[in-house]
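Quick notes on the structure that follows.
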Amino acid sequence: AMLRLRFVSCLLERFECAYYGAFSKILVVSEADRDYLVRRVPGIDVEVIPISSGYPRDISLAYTAAGSPHGLTVTVCGNLGDAAIAAGFRQFLDHVLPAVSTVHPELRVRILGRRIDAALKRDLRRYPNVDYVAWIPDFEACLSSSDVLLLPDQAGAPGAKTRTVQAMALGRAVLGTQTAFEGIPMTPGQHGMIYTSIEECREGLLRLLGDRSMRDAMGAAAARLAADEYSIECIGPKYESLYRRAQAKPRPATA
């Protein structure tokens with residue numbers, strides 16, 4: 001298996017060197033992506049423009065505390081077919097949820113994710129306070145009615161995560177791994193809460209669920225950060241500028 005992965009990695013590097021080197025400008029969504037490509041293909045011109053939250057600036061700045069109207073709700077979302085996300089979620093189920101549910105018996109955990117493994121889906125039946133849905137028609141309403149968004153991703157592609165940015169833009173308190181916040185210029189404890197061990201996950205979730213004022217303050221700070229860094233008004237002009245510069249750039253003469 002390791003030999004196969006190394007072989008595929010070598011093929012990918014050869015493809016990147018040949019493919020990306022043919023472009024005059026490469027657009028990526030994070031500094032980590034840029035640094036990776038510059039190492040692989042020296043001399044290429046790479047520009048970083050983050051992915052927008054999809055929300056106008058005034059929506060984030062008009063944040064008001066919401067949360068679940070039916071007691072405490074924690075939402076976990078992501079592609080559960082991804083082994084790194086599924087593994088982090090299993091750790092939460094086995095080592096965090098039982099202790100947290102003892103302190104907060106009214107807690108509901110909402111799992112939103114596609115491609116869930118059959119064994120994991122079967123295991124969820126052991127937890128009466130866990131609801132699983134593969135798809136919902138209104139993702140914004142799902143996030144807005146959550147008290148905490150939990151992102152247990154153990155690994156993943158570099159760059160700002162859309163799920164994290166969207167939740168922050170809607171003023172939600174986000175608890176996640178370093179991977180979940182990668183690429184986002186946040187201050188831990190102010191704009192969100194990062195955990196590096198399952199013990200920190202349990203302690204962080206207990207703190208957030210037990211302190212409404214902390215959740216509200218963290219959500220408000222996250223909303224302001226999202227408005228300043230990821231709103232449509234912030235990201236849109238960067239794309240417009242990129243396209244204008246690309247159009248103005250002389251094209252190479254053709255034979």
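Taking the Cα centre of the chain as the origin and placing charges on Cβ (Lys, Arg +1; Asp, Glu -1), which of Cys10, Ala118, Pro152 is farthest toward the positive end of the dipole?
Value: Cys10.
Mind checking the per residue accessible area of the chain for me, 1.4 Å probe, whole number of Å²?
53
Treat every Asp and Glu Cβ in the chain as -1 and every Lys and Arg Cβ as +1, leave all other atoms uncharged, and give the resulting dipole magnitude about the Cα centre to the nearest 20 debye.
Roughly 700 debye, rounded to the nearest 20.
With θ set to phi - 60° and the Karplus curve 6.51 cos²θ - 1.76 cosθ + 1.60, what are the ³J(HN,Hα) couplings of segment 208-215 in order, to the nearest whole Hz, using x for Gly and Pro?
Couplings: 5, 5, x, 9, 4, 5, 5, 4 Hz.
Counting helices only, and only those DSSP H runs with n ≥ 4, report the 222 nm mean residue ellipticity of the chain as the sum of -39,500 (n - 2.57) divided by its residues, in deg cm²/dmol to the nearest 500.
-15000 deg cm²/dmol
Which whole-angstrom value gives the distance between the alpha carbon centres of segment 102-161 and segment 17-64?
Segment 102-161 and segment 17-64 have Cα centres spaced 28 Å from each other.
From the phi of every residue in segment 230-235, what ³J(HN,Hα) in whole Hz does the Karplus formula 6.51 cos²θ - 1.76 cosθ + 1.60 yield, where θ is phi - 60° and glycine or proline is x?
10, 5, 4, 5, 7, 7
Using a basic spin-label model with each label point 7 Å from the Cα along Cα→Cβ, how many nm lie between Arg114 and Leu242?
With each label placed 7 Å out from Cα toward Cβ, I get 2.4 nm.
With Kirkwood's inverse mean 1/r over C-alpha pairs for Rh, give me the Rg to Rh ratio of the chain, two decimals please.
1.03
Taking H as built 1.01 Å from N, whose amide H comes closer than 5 Å to the amide H of Arg172, not counting residues under 5 places away?
Amide H neighbours of Arg172, under 5 Å, 5+ apart: none.
First compute the accessible area of the chain with a 1.4 Å probe, then give the percent of it belonging to carbon and sulfur atoms.
Roughly 56 percent, rounded to a whole number.
If packing is taken as the average number of other Cβ atoms within 10 Å across a peptide's residues, how do 86-94, 210-218, 136-144 rank, most packed first?
86-94, 210-218, 136-144
Can you list residues whose amide H is under 5 Å from Tyr195's amide H, if they're 5+ apart or on another chain and H is modeled 1.01 Å from N?
HN-HN under 5 Å from Tyr195: Gly176, Thr177, Gln178.
Assign unit charges at the C-beta atoms only (+1 for Lys and Arg, -1 for Asp and Glu), then state the dipole size of segment 155-247 relative to its Cα centre in Debye, rounded to the nearest 20.
In debye, rounded to 20, segment 155-247 gives about 240.
Check cross-link reach from Lys121 to the lysines: straight Cα distance under 25 Å, and skip same-chain residues fewer than eight apart.
Lys161
Name the lysines eligible as straight-distance cross-link partners of Lys238: C-alpha to C-alpha under 17 Å, and not fewer than 8 places from it in the same chain.
Within the straight-line limit of under 17 Å, Lys238 reaches these lysines: Lys25, Lys249.
Which residue fluctuates the most in the chain, going by a Gaussian network model with Cα springs under 10 Å, if the choices are Ala180, Ala118, Ala167?
Per the Cα network of the chain with a 10 Å cutoff, Ala118 tops the list.
The values are calculated or read from the model by the stated rules, or taken from the named source; none is laboratory data. These figures come from a predicted structure and were not determined experimentally. As a convention, Cβ positions derive from the backbone with ideal geometry for all residues, glycine included, and neighbour counts pool all protein chains shown. We work out accessible area using only protein heavy atoms, side chains counted, and drop any ligands, DNA or RNA first. Shrake-Rupley method; radii C 1.70, N 1.55, O 1.52, S 1.80 Å.
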